[in-house]
Structure formats: C-alpha cells, structure tokens
Amino acid sequence: QVQLVESGGGLVQAGASLRLSCAASGSSLSSYAMGWFRQAPGNGREFVAAISASGANTRYSDSVKGRFTISRDNAKNTVYLQMNSLKPEDTAVYYCGGPGNFFFYSDPRKYRYWGQGTQVTVSS
C-alpha cells in the first residue's frame with residue numbers, strides 16, 4: 001500500500017512563493033509518473049503539473065505555466081512543486097497523485113493513490 005503525504009502549504013500574500021512536497025512510502029514510485037492537482041471549493045480536481053518517471057519530461061496547466069515548477073528526487077521518493085508569483089486564484093487544496101501514466105498526465109482517474117492534500121491560501 002502506497003501512502004502519499006503532502007506538506008508545505010500555508011497562507012501567503014499574492015506574489016509570494018511556496019514549495020510543496022509529496023513524500024511517498026510503502027513502495028518506490030521512481031518508475032512512474034507523478035502529478036499535482038488542486039481542488040477549490042465547489043470545483044472538481046484540476047490538473048496542475050506532472051512529471052515523468054525520470055524527471056526529464058514535465059507538463060503544466062496553462063494557468064500555472066511559467067510560475068510553477070515540478071521536480072522529483074527519486075532517491076528520496078519525493079516530488080516537489082515550487083510555486084512562484086502566487087495569485088489569489090491559486091487558492092485550493094493541493095493533492096499529489098501517483099503512480100500515474102504520463103501519457104494520461106492530466107486525467108486524475110489515471111492516478112492510483114492520493115495524499116490527504118495541503119491547503120494553499122493566497123490573499124490579495
């Protein structure tokens with residue numbers, strides 16, 4: 001059984017930065033794609049970013065491209081999401097998903113496990 005634990009969320013002002021972490025335990029996920037999604041109240045789970053198993057390939061939603069960076073440290077079984085220039089519309093609970101299939105990187109149904117989420121709140 002894989003467990004994913006997100007951390008690093010918080011309350012920040014617009015323009016600030018946060019770095020989210022997703023630590024996996026129970027199994028190595030180094031052979032699989034991983035993804036970050038977010039969910040705001042009343043909305044569905046929205047794709048944010050994905051990274052291939054090796055880390056060589058990444059994908060981003062248009063709303064975060066150029067501001068967010070996904071990365072991974074397979075030795076630590078951890079995936080990161082560096083979020084810069086945060087905006088109030090980035091406010092949501094952020095979830096880490098895996099293992100996934102990079103071919104279907106934006107489909108939350110293709111990720112087998114999810115963490116409990118970490119709240120990110122950006123004030124204007």
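Using the Karplus equation 6.51 cos²θ - 1.76 cosθ + 1.60 (θ = phi - 60°), what ³J(HN,Hα) coupling, rounded to whole Hz, does each residue of segment 48-60 give in order, writing x for Gly and Pro?
3J(HN,Hα) across segment 48-60, in whole Hz: 10, 7, 9, 9, 6, 4, 7, x, 6, 10, 9, 9, 9.
Which whole-Hz ³J(HN,Hα) couplings does segment 29-34 yield from phi under the Karplus relation 6.51 cos²θ - 1.76 cosθ + 1.60, θ = phi - 60°, glycine and proline marked x?
Taking θ as phi minus 60°, the curve returns 10, 5, 9, 10, 5, 10 Hz for segment 29-34.
Of F104, F68, F47, which has the most accessible area with a 1.4 Å probe, and how do the rest follow in descending order?
F104, F47, F68
Which Rg and Dmax, in Å, describe the Cα atoms of the chain?
13.2, 40
For segment 87-124 and segment 1-67, compute the distance between their C-alpha centroids and round to whole Å.
Computed from Cα coordinates, the inter-centre distance equals 5 Å.
Once you order the gyration tensor axes a ≥ b ≥ c over the Cα atoms, which shape class does segment 19-73 get: rounded for a/c under 1.5, otherwise prolate or oblate by comparing a/b with b/c?
Judged from the Cα gyration tensor, segment 19-73 comes out oblate (a/c at least 1.5, b/c at or above a/b).
Given a 1.4 Å probe and the protein chains all in place, what does the accessible area of L29 round to, in Å² to the nearest 10?
10
Taking 0.36 nm per intervening residue step and subtracting the Cα-Cα distance, what contour gain separates A40 from Q119 on full extension?
Answer, rounded to one decimal: 27.5 nm.
Taking amide H positions as placed in the peptide plane 1.01 Å from N, state which residues far from V48 in sequence (5 or more) or on other chains have amide H under 5 Å from it.
W36, F37, R38
Can you put S124, S52, S85 in order of accessible area, largest first, using a 1.4 Å probe?
These residues rank, largest area first, as S124, S85, S52.
Rank these by accessible area, largest first, 1.4 Å probe: D90, D62.
Ranked from most to least accessible, the order is D62, D90.
Can you tell me the relative contact order of the chain? Whole percent, Cα pairs under 8 Å, sequence separation 6 or more.
36
Quick one: how many Å² of K110 are accessible to a 1.4 Å probe, rounded to 10?
90
Under the rule of at least 5 residues apart or a separate chain, name every residue whose amide H is placed under 5 Å from the amide H of A33.
Hits under the 5 Å cutoff: A53, G100, F102.
The values are calculated or read from the model by the stated rules, or taken from the named source; none is laboratory data. Nothing here was measured: the structure is a model prediction, and the numbers come from that model. Accessible surface is based on the protein model in full, side chains and every heavy atom, while ligands, DNA and RNA are left aside. Shrake-Rupley method; radii C 1.70, N 1.55, O 1.52, S 1.80 Å.
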